[in-house]
Ligand SMILES: Cc1cc2nc3c(=O)[nH]c(=O)nc-3n(C[C@H](O)[C@H](O)[C@H](O)COP(=O)(O)O)c2cc1C
C-alpha cells in the first residue's frame, strides 16, 4: 500500500515536472517571438476600442510591405471586438498573455519585453478611454503598461479616434496636449462622416497618413543603432507636432475633410 502511494506520488511529481517543462518551453517560444533581427526596424502597433480598429489588418499589412520592418500588435480587450485576429498576420499580445507568461521570478514580464523590443510604438486608434488613462498615468492593462514603461527617447505616435462629440469635449484637448508634453507625437484625427452617422472631427487619420509618418522614422535611422537615431528622429518630429489653438481645436497640414463611411 505504501509502495503504491509512493509510486503514485512520484508519478504526480513527474507529471508536474513535465507540465512545468512544457510551460517553460511555451514561455520560451513566446519570448523568442520577440527576437530582434539585426537590421530590422521593430514597430509595435497598439490598438484600442474605437471602431477605427477595423483598420488594424490594413495598417499591419501596409507596414509589413515596408522593407526591413517587423511588426507586433498589442491590443485592449475591447479592441478585439472590431477585428478578426485571423486577418492580422503578426503576433497579437493581450492581457492574458501578460499574466500567463509570468509565474515565477525568472519569467519575462511581457510589457517590459515589449518596450525593450519595440523601436517605435504607434497607437492606432487611440480611443477616448485609453487616451484619458494614459494622460493620467493609469496602467491597468498590457497596452497601458507598455506606454507607462515606454522609453521616451523612442518615438511613440498616437492616432486619436472618437465620435465628434467626444472629440469636442474640453477634456480631450487637455489629454492630447498632455501626451504631447510627454514627448509623444500626435497624428491628428480628421473630419469625415463617422460610422455613427455624425459628421465632423474625430475620425482616425487615414492609414496611408499613419504609414507615411512611420516611414519618416525609417528614413531617419539606422536600424542597427536604434537608440541614437531614434532620439534624432524623435527630436526632428517634435518640431513638426501640431498645435492646439485657444479653443482646443487642433490643426495639421494633413487634416482633410473626407466623406467615406468608416471610423
Ligand atoms: C460600436 C462601438 C464603437 C466605439 N467606437 C469608439 C470610438 O471610435 N472612439 C472611442 O473613443 N470610443 C469608442 N467606443 C467606446 C469604447 O469602446 C469604450 O470606451 C471602451 O471602454 C474602450 O476600452 P479600451 O480603451 O480599453 O479599448 C465604442 C464603443 C462601441 C460599442
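Below, the figures for the structure above:
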item: Flag for residue 71 being crowded, with 21+ Cβ neighbours inside 10 Å, on the phi < 0 side of the Ramachandran plot and within 16 Å of the ligand (Cβ to nearest atom); result: no
item: Odd one out for residue 101 among (1) surrounded by 16 or more Cβ atoms within 10 Å (Cβ to Cβ); (2) modelled with pLDDT of 95 or more; result: (2)
item: Candidate set: the stretch 143-162, residues that are within 13 Å of the chain's Cα centre (by Cα) and within 13 Å of the ligand (Cβ to nearest atom); chosen: the one farthest from residue 187 (Cα to Cα); result: 145
item: Enumeration of residues in the stretch 61-83 that are more than 18 Å from residue 35 (Cβ to Cβ) and free of Cβ contacts under 8 Å to residues at least 60 places away in the same chain; result: 61, 65, 67, 78, 79, 80, 81, 82, 83
item: Checking residue 102 against (1) under 20 Å from residue 33 (Cα atoms); (2) within 16 Å of the ligand (Cβ to nearest atom), the condition it does not meet; result: (2)
item: Test: residue in the stretch 87-97 that is within 23 Å of residue 203 (Cα to Cα), more than 14 Å from the ligand (Cβ to nearest atom) and part of a loop (DSSP other than H, G, I, E, B); result: yes
item: So residue 113, is it on the phi < 0 side of the Ramachandran plot and surrounded by fewer than 17 Cβ atoms within 10 Å (Cβ to Cβ); result: no
item: Selection within the stretch 198-214 - at pLDDT below 95 and not in a strand (DSSP E or B); result: 198
item: Matching helices (runs of 4 or more DSSP H) fully within the stretch 109-156 where at least 1 residues are under 12 Å from residue 48 (Cα atoms) and modelled with pLDDT of 95 or more; result: 128-135, 142-148
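The values are calculated or read from the model by the stated rules, or taken from the named source; none is laboratory data. Keep in mind that this is a model prediction, so the values were computed, not measured. Ideal geometry is used to build each Cβ from the backbone, glycine not excepted, and the neighbour counts take in all protein chains shown.
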